[in-house]
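Visitor: Once you've had a glance at the structure underneath, I'll fire off some questions.
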Amino acid sequence: MAQDLVDGLLIKARSHLPPPSEPLGKLSKRDRKGVAVIKLKNPPVNSLSLEVLTEFVISLEKLENDKTFRGVIVTSDCPGIFSAGLDLTEMCGKSQAHYAEFWRAVQELWLRLYLSNLVLIAAINGVSPAGGCLISLTCDYRVLADNPKYNIGLNETLLGVVAPSWFKDTLVNTVGHRTAERALQLGLLFPPAEALRVGMVDQVVPEDQVHSTALSVMAQWLAVPDHARQLTKSLMRKPTADRLVKQRDADIQYFLQFVSRDSIQKSLRMYLDKLRQKKG
Ligand SMILES: CCCC/C=C/CC(=O)SCCNC(=O)CCNC(=O)[C@H](O)C(C)(C)COP(=O)(O)OP(=O)(O)OC[C@H]1O[C@@H](n2cnc3c(N)ncnc32)[C@H](O)[C@@H]1OP(=O)(O)O
């Protein structure tokens, strides 16, 4: 039976056994062995708080160290929302020490995901702005549910903030320079067909097939010998990751200065207020 690696916390990682209702397609039991599922679970919108970021890193570390796992499907437990991105309340009205701790956790998660030896497949079953999009971009393959509400992209400029250079690098490495430049400047959130067209996701499938498709894709990636695939992944990604590793502290200092500016605090507060007022 499924084994909880993180018990009762915000993120559930478990050895994968799909529920009987899901079609297994061509997957044999052996294909499914060694595949974990990390389900983001921080209702209502799966915002990436310091706690979620920390739990995510711990879950990944456990999976990396447990040699029975070779692949992870990253998905959401919140209906219609993959992740609302970084928790804006962590970046508003807090102390410098808090900002520093938060940003280090964001960096740590990105580095862990981006350089993971595991095969990471994003099963994107909801809207995915900013940090939510970033998480999916760190994966090796993205499957997005075909729902016009499920926009995906790095929309930071629309909040009046700037996506850090390593967010930008991750996007450039996925969609190319020109598409990334336009998407970043305009803060574009792409609906599924557009996201597929520009290469932000690899596949768009009916909502009820996201998980089974992710499993089929996983089987294909796991058919490649680990050592060759892992070294190739490192070849492709390490230069990008190294740019952050070499200047992590400077990147934190830059974030502290940036986020502490009155103008940025004002922009973030206004954006949060807008979100809150939407309901009223
Ligand atoms: C300073 C440099 C840093 C640069 C890097 C930034 C990267 C980021 O990730 S910034 C975050 C960007 N995220 C967004 O722009 C998404 C904002 N959220 C939404 O667009 C919507 O909430 C949604 C489409 C994800 C979901 O819409 P839905 O109608 O279902 O829910 P809401 O009523 O809007 O939200 C419910 C609840 O959650 C609060 N909330 C939403 N997103 C965030 C967030 N990212 N951080 C913190 N809180 C968030 C929202 O205010 C509502 O709160 P209340 O229930 O208290 O009103």
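The values are calculated or read from the model by the stated rules, or taken from the named source; none is laboratory data. Keep in mind that what you see is a predicted model, and the values were worked out from it rather than measured. Methodologically, a virtual Cβ is constructed for each residue, glycine included, from the backbone with ideal geometry; neighbour enumeration extends over all protein chains shown. These accessible areas exclude ligands, DNA and RNA; they are computed on the full protein's heavy atoms, side chains included. Shrake-Rupley method; radii C 1.70, N 1.55, O 1.52, S 1.80 Å.
Visitor: At each listed q (0.11, 0.16, 0.17, 0.19 Å⁻¹), what is the log10 of I(q)/I(0) that the Debye formula gives for segment 44-166 modelled as equal alpha-carbon point scatterers?
Guide: Evaluating at q = 0.11, 0.16, 0.17, 0.19 Å⁻¹ gives log10 I(q)/I(0) of -0.37, -0.78, -0.88, -1.09.
Visitor: So, with +1 on the Cβ of K and R and -1 on the Cβ of D and E, and no other charges, what is the size of the charge dipole of the chain about its Cα centre, to the nearest 20 debye?
Guide: 280
Visitor: Count the net charge of all other residues whose Cβ sits under 10 Å from the Cβ of Val217, scoring Lys and Arg as +1 and Asp and Glu as -1.
Guide: -1
Visitor: Another question, if that's okay. How would Leu235, Leu188, Leu196 line up by accessible area, probe 1.4 Å, largest first?
Guide: So the residues, ranked largest to smallest area, are Leu235, Leu196, Leu188.
Visitor: A follow-up question, please. Going by accessible area, probe 1.4 Å, with all protein chains left in place, what is the ranking of Glu181, Glu101, largest first?
Guide: From most accessible down to least: Glu101, Glu181.
Visitor: Continuing with this model, one more query. Would you check the accessible area of Asp140, probe 1.4 Å, heavy atoms only, in square angstrom rounded to 10?
Guide: Its accessible surface works out to 20 Å², give or take rounding.
Visitor: Compare Thr75, Thr179 by solvent-accessible area with a 1.4 Å probe and give them largest first, with all protein chains kept in place.
Guide: Thr179, Thr75
Visitor: Within segment 118-143, find all residues whose amide N lies under 11 Å from a label point positioned 7 Å from the Cα of Leu158 along Cα-to-beta-carbon.
Guide: Residues 128-130 qualify, since their backbone N sits under 11 Å from the label point.
Visitor: So, one more: Of the listed pairs Lys62/Lys246; Lys94/Lys278; Lys149/Lys278; Lys39/Lys149; Lys39/Lys279, which have alpha-carbon separations greater than 22 Å here?
Guide: Lys62/Lys246; Lys94/Lys278; Lys39/Lys279
Visitor: Using a Gaussian network model on the chain with a 10 Å cutoff between Cα atoms, which of Met270, Met218, Met200 fluctuates the most?
Guide: Greatest mean-square fluctuation among the candidates belongs to Met270.
Visitor: Taking the Cβ of Gln257 as the center, what net charge do the other residues with Cβ under 14 Å away carry, scoring Lys and Arg +1 and Asp and Glu -1?
Guide: Working: positive: Arg261; negative: Asp249, Asp251, Asp262.
It works out to a net charge of -2.
Visitor: Count neighbours as other Cβ atoms within 10 Å of each site's Cβ, and list the chymotrypsin sites (Phe, Trp or Tyr not before Pro) in segment 61-110 that are DSSP loop with at most 14 such neighbours.
Guide: none
Visitor: If contacts are Cα pairs under 8 angstrom and at least 6 residues apart, what is the relative contact order of the chain in percent?
Guide: Value for the chain: 18 percent.
Visitor: Same structure, new question: Within the chain, what is the longest stretch that has no trypsin sites (Lys or Arg not before Pro) placed in a DSSP loop and near at most 12 other beta-carbon atoms within 10 Å?
Guide: Result for the longest clean stretch: 150-245.
Visitor: In addition: Of the residues Leu189, Leu88, Leu120, which exhibits the maximal mean-square fluctuation in a Gaussian network model of the chain defined by a 10 Å Cα contact cut-off?
Guide: Residue with maximal mean-square fluctuation among Leu189, Leu88, Leu120: Leu88.
Visitor: Using label points projected 7 Å from each Cα along Cα→Cβ, tell me how many nm separate Thr89 and Asp249, to one decimal.
Guide: Between Thr89 and Asp249, the simple spin-label model gives 3.3 nm.
Visitor: Binning at 10 angstrom from zero up to the longest distance, how are the C-alpha pair distances of the chain distributed in percent?
Guide: The percentages, shortest bin first, are 6, 30, 38, 20, 5, 0.
Visitor: With a 1.4 Å probe and every protein chain kept in, tell me what percent of the accessible surface of the chain is carbon plus sulfur.
Guide: Accessible surface attributable to carbon and sulfur in the chain totals 56 percent.
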